[in-house]
Amino acid sequence: MSIAGLIERIGALVIDGITDLGDFVLFLIYSLLYIFLPPYKPRLWIRQIRIIGAESILLIGLIGAFTGMVLGLQGYNTLHRFGAAGALGTLVALALVRELGPVLAALMVAARAGSAMAAELGSMQATEQVDALTVMAINPVQYLVSPRMLAGIVSFPLLTTIFDVIGIYGGFVVGVGLMGASKGPYFSGIASNMDSHDIAIGLWKSLVFGVIVMWVCCYKGYNAERMATGVSRATTEAVVLSSVLILAFDYIIGAILI
Amino acid sequence: MATNASTSNGMPPNEIEVRDLCRRFGRQEVLRHLDLEIAQAQITTIVGPSGCGKTVLLKHLNLLLRPDSGTITIEGVEVTRLGNRALDAVREKFGMLFQAGALFDSMSVFDNVAFPLVEKTNLKSDEITARVNETLAAVGLDGMGDKYPSEMSGGMQKRAALARALVRRPRILMLDEPTTGLDPTRTGAIHELIRSTQKNFDLTVVMVSHDVPAVFQISDRVAFLNHGETHLHGTVEEVMAAEDAVFKRFLAGRAAGDDDGASLAG
């Protein structure tokens, strides 16, 4: 390949990359903007909140309980060595509320609802259902994506809160019930050592993760290649990219708000 | 080279006019200075070998794609430079039947057909129900509203999709290969349905089809595309009578089951 050809190829890749990034960002802006523009579709909002939020509660509760139980077990064993078993409640609560709750809840919802969303939108694209909306003079981003975005914004903080509460009780059952830590200091430690700033950090993270998961999963599905392999690739990419961005933004938000 | 096989005498006015339409995807030039007129209240069928630009042309006519250059005039309005809101106003004039039906699989047939009315009109619930039932009856799906698309045969899905395209009583109906995947019996039934629907609703129909020559029986006019150009265009009789070697080879290729149109090269 000649040098001119190589430069042309690199240039084309750079331009394609910038164009794709621009599309990705514009997709987020429009999907957020259309939430506030008529026509409003409360029926679609509620349906998506049910799918993304309500139908994830059981999974979130289960994962929250086990996470709290593991924290109770390992936390008690570690703290007991230093004679600080009374700080178990504080340890479990801070770990869940600031870090594990928002991250694990977001990863679980990305795996459960995000993948399904990417597959559904990709399948709709492949079978021309998205084109059908456009031809009927219905904005497909406003109809398909914005309700999901709103549902993510509403559901993620609530799911995270449920995760945190169940996780704290899971830690209590194992740490106090099985391992023998004192009952009183568990909750009094949480009350005295955790403040609203800790809770705010967790809720801000869950809000950002909700936007990220909906944005990535909807974008990947909406722009899937119109074939079966395109839909499966979009689904995989949606979950992988969501997970990477969740962990990256977990650090960024943590560093900013610490 | 494009040849217009029609005469100007007795021609109905044009509902859609396409002038000098060009479109490329990357380095591939799909539409090359294409000209076409779609006559009002008639069935115009677009035929041609695979890859000649039929579906891309239809996606320009139904405003899913914008051309690189050229104009498309629908009922006197030049649409290629319109903004999204104005495009939506034009879109409300036509209904579209997609190749795979494009029914929403999460909805029943009734909800699919009612969808454009629910979303884009202020009709009351009982008015919507009456209109949907009337339209379902018109396409032979009376009483089938409770079924889901996955519970229906391919032919019934096409009928349901046709009902959805007709439910807002459009002036123009666009059909993208409406008989793809159907057996000959169902193909004939869908052709008859398209003809009767066109007459009953006085529609301008633009249809892309590969059912050559069967589809000519229900068509008023034919446009034969080759290499992104309108190669031949006129009434069915005029096109069939035209002494055009490329079109004759296309017909012979279709009769022999040659789908790729490779024999038309050059």
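Just so you know, all these numbers are worked out from the coordinates, no wet-lab data involved. Just so it is clear, the structure is predicted and the values come from calculations on it, not from any experiment. Ideal geometry is used to build each Cβ from the backbone, glycine not excepted, and the neighbour counts take in all protein chains shown.
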query = What does the charge dipole of chain B about its Cα centre add up to, to the nearest 20 debye, if the Cβ of each Lys and Arg holds +1 and the Cβ of each Asp and Glu holds -1?
reply = 480
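Taking Cα pairs under 8 Å and at least six residues apart, what relative contact order does chain B come out at, in percent?
Numbers: 489 pairs, mean separation 78.0, N = 266.
Reported as a whole number, the value is 29 percent.
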ask   = Tell me, how many Å apart are the Cα centres for the stretch A:36-64 and for the stretch A:208-227?
value = 16
key: Residue among A:105, A:138, A:185 farthest towards the positive dipole end of the stretch A:34-257, charges placed on Cβ   = A:185
ask   = With +1 on each Lys and Arg Cβ and -1 on each Asp and Glu Cβ, how big is the dipole of the protein assembly as shown about its Cα centre, in debye rounded to the nearest 20?
value = 1220
ask   = Hey, what number do you get for chain A at 222 nm if only DSSP H runs of n ≥ 4 count, each worth -39500 (n - 2.57), divided across all residues, to the nearest 500?
value = -25000 deg cm²/dmol
query = Dimensions of the stretch B:134-220 along principal axes (Cα, Å, largest first)?
reply = 36, 28, 16
ask   = Picking from A:161, A:212, A:224, whose Cα lies most toward the positive end of the charge dipole for the stretch A:155-258 (charges on Cβ: Lys, Arg +1; Asp, Glu -1)?
value = A:224
ask   = For chain B, modelled as a GNM with alpha-carbon contacts under 10 angstrom, which of B:26, B:155, B:145 fluctuates the most?
value = B:26
key: Estimated FRET transfer efficiency (residue A:14, residue A:43; beta-carbon r; R0 56 Å; 0.05)   = 0.80
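Give me the dipole magnitude in Debye, nearest 20, for the stretch A:34-257 about the Cα centre, with unit charges on the beta carbon: positive for Lys and Arg, negative for Asp and Glu.
Using Cβ point charges on Lys, Arg, Asp and Glu, the stretch A:34-257 gives about 240 debye.
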task = Report the one residue of A:4, A:25, B:132 whose Cα lies farthest in the direction of the positive end of the charge dipole of the protein assembly as shown (charges on C-beta: Lys and Arg +1, Asp and Glu -1; origin at the Cα centre).
result = A:25
remark   = For residue B:192, placing the label point 7 angstrom along Cα-to-beta-carbon and taking the stretch B:203-242, residues whose amide nitrogen sits under 18 Å are B:214-219
ask   = Given the pairs B:59/B:93; B:93/B:147; B:120/B:199; B:93/B:199, which are separated by over 21 angstrom at their Cα positions?
value = B:93/B:147; B:120/B:199
ask   = Out of B:97, B:166, B:64, any idea which swings most in a Gaussian network model of chain B, alpha carbons joined below 10 Å?
value = B:64
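So between residue A:204 and residue A:256, what do we pick up on full extension, going 0.36 nm a residue minus the alpha carbon distance? Please list the in-between numbers first.
Values: separation 52, 0.36 × 52 = 18.72 nm, distance 1.12 nm.
Additional length available on full extension: 17.6 nm.
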query = Using the beta-carbon distance between residue B:137 and residue A:111 and R0 = 56 Å, what value does 1/(1 + (r/R0)^6) give for FRET efficiency, to the nearest 0.05?
reply = 0.75
message = For a quick check of your reading of the filter: which chymotrypsin sites (Phe, Trp or Tyr not before Pro) in the stretch A:156-255 sit in a DSSP loop and have no more than 13 other Cβ atoms within 10 Å?
response = none
Sparse-neighbourhood loop sites, chymotrypsin sites (Phe, Trp or Tyr not before Pro) in the stretch A:1-66 - DSSP loop, at most 15 other Cβ within 10 angstrom = A:36, A:40
task = Using θ = phi - 60° and the Karplus relation 6.51 cos²θ - 1.76 cosθ + 1.60, list the HN-Hα couplings for the stretch B:124-137 in order, rounded to whole Hz, with x at every Gly or Pro.
result = 6, 4, 5, 5, 5, 4, 5, 5, 5, 4, 5, 6, 4, 5
On Cα atoms only, tilt of A:196-222 relative to the major axis of chain A in degrees = 30
note = Using alpha carbon centers only, the stretch B:172-214 is separated from the stretch A:161-204 by a whole-angstrom value of 67
key: Test item: A:133-142 mean partner chain Cβ contacts at 10 Å   = 6
inquiry  = Can you say what percent of the DSSP beta bridges in the protein assembly as shown, counting only those with both residues inside, are antiparallel? Round to 5.
reply    = 50
task = Relative to the longest principal axis of the C-alpha atoms of chain B, give the angle of the C-alpha long axis of helix B:154-166, reported between 0 and 90° and rounded to the nearest 10°.
result = 80
inquiry  = Based only on other Cβ atoms within 10 Å, what is the fewest-to-most ordering of B:177, B:15?
reply    = B:177, B:15
note = Taking max minus min of the Cα coordinates of chain B on each principal axis, largest first, gives extents in Å of 56, 42, 41
request  = May I ask for the angle, rounded to the nearest 10°, between helix A:115-126 and the longest principal axis of chain A, with both axes built from Cα atoms and the value confined to 0 to 90°?
outcome  = 10
Straight-distance crosslink candidates among aspartates and glutamates, where the alpha carbon sits under 19 Å from residue B:158 and sequence neighbours closer than 8 are dropped = A:128, A:131, B:105, B:111, B:134, B:142, B:146, B:176, B:177, B:183, B:192, B:211
ask   = For chain A, modelled as a GNM with alpha-carbon contacts under 10 angstrom, which of A:101, A:11, A:189 fluctuates the most?
value = A:11
